[in-house]
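The values are calculated or read from the model by the stated rules, or taken from the named source; none is laboratory data. All values reported here derive from a predicted model rather than from experimental measurement. No Cβ is skipped: glycine too gets one built from the backbone with ideal geometry, and neighbour counts run over all protein chains shown.
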There are 2 protein chains.
Amino acid sequence: MVSKKLSHIKELLAEKDYRFTPQREAILHVIVECQHSHLTADEIYRKTKEAYPEIGIATVYRTLEIFETLGIIHKFQFSEERALYEFNPGYHKHYHHHVICLRCGSISEFNEDLLEDIEDAIARSTGFSIVDHSLAIYGYCTTCQEQQEQTDSGNPAKPADLDEE
Amino acid sequence: MVSKKLSHIKELLAEKDYRFTPQREAILHVIVECQHSHLTADEIYRKTKEAYPEIGIATVYRTLEIFETLGIIHKFQFSEERALYEFNPGYHKHYHHHVICLRCGSISEFNEDLLEDIEDAIARSTGFSIVDHSLAIYGYCTTCQEQQEQTDSGNPAKPADLDEE
DNA sequence: GTTACTGCAAACACTTTGCACAGCT
DNA sequence: AGCTGTGCAAAGTGTTTGCAGTAAC
């Protein structure tokens, strides 16, 4: 299954005359392994460094850009902070429905297409040809709600900045 | 009406021991005048400079931050590029439904709450306490669709970078 | 008279780029 | 052999901060 993905990705790269270098393979490995997390470029850099210590941050950014144009990963920008990257297992159109806790920073995802009706309504009323959409829901997760009840000045459930795993 | 807004804003500032300086007034003026556009910090800076040439960019950023915490303006981050700011006339909870053309960069808005049902469904299934949400729809506006049909390599309807009004 | 605010410039964080060398194919 | 990819360091961009002077309250 992973090897099927791998050969498909090699093809995708080859189609555009991109090479499948060990650096790109190492980065891909990190992204696939952490496919349920949203990683920053720096996190990907540091994790890739474990397997490939010589790698440079510039290579990571260049690779992520290529992977994004090929649809291998998705890039998100929820706030003014750094972008987050995530593996896109199916290479298909991806609905970005994210539920973000304002206290602990955790991000959960909904992949169902909840917005078909809304898209249709907007397309009809504006003539817009819709390609994609992005929905972010902000609030408080159950854990943080509980903690907030207990100690109104307490600490978040998880540190908002998940710098290290 | 504007004066009513103004006194209300003065109150909001005073409540938090913020002062109503001429710089803040000038910035507010720009934001209210352009309340149907999404302005970058730099655009606000340059427009404010017309009325108040001595102003510095740092003051603009500091003022925008204060205005945002008071709910006077809203700040958006659609991409990795700079943030956009917009006046929030009602100071109420604001639904950010933006329709963004991928070709000319124009941004239109829907202020109806299209997502109540979806919010309810997510709250029920996850226990999340939802505070706000942000929806961005990406596609092509009618003008750009027409232009794309005519000349498949033509120019966008409007420059994507609206540096000057 | 306090205290918050300002403008400047320097610092900042994240990301991109120029360059000479290395390595696929 | 040729062209793409790499690592480094330097540059770039948008935003924030330290500081000494200034102005609102």
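Within region A:132-146, residues that are within 7 Å of chain B (Cβ to nearest Cβ) reach partners that are assigned to a loop (DSSP other than H, G, I, E, B) and basic (Lys, Arg) with beta carbons closer than 6 Å, at six or more positions or on different chains, in the pairs A:Tyr140/A:Arg103. Quick one: in region A:65-94, of everything that is surrounded by fewer than 18 Cβ atoms within 10 Å (Cβ to Cβ) and among the aromatic types (Phe, Trp, Tyr), which residue is modelled with the lowest pLDDT? My answer is A:Tyr91.
On the given criteria, is A:Arg62 within 16 Å of DNA strand D (Cβ to nearest atom), at pLDDT 85 or above and either surrounded by fewer than 16 Cβ atoms within 10 Å (Cβ to Cβ) or not in a loop (DSSP other than H, G, I, E, B) (or both)?
On the way: within 16 Å of DNA strand D (Cβ to nearest atom): yes; at pLDDT 85 or above: yes; either surrounded by fewer than 16 Cβ atoms within 10 Å (Cβ to Cβ) or not in a loop (DSSP other than H, G, I, E, B) (or both): yes.
So A:Arg62 passes the test.
Checking each residue in region B:24-51 for being at pLDDT 95 or above and either within 6 Å of DNA strand C (Cβ to nearest atom) or not in a helix (DSSP H, G or I) (or both) picks out only B:Arg24.
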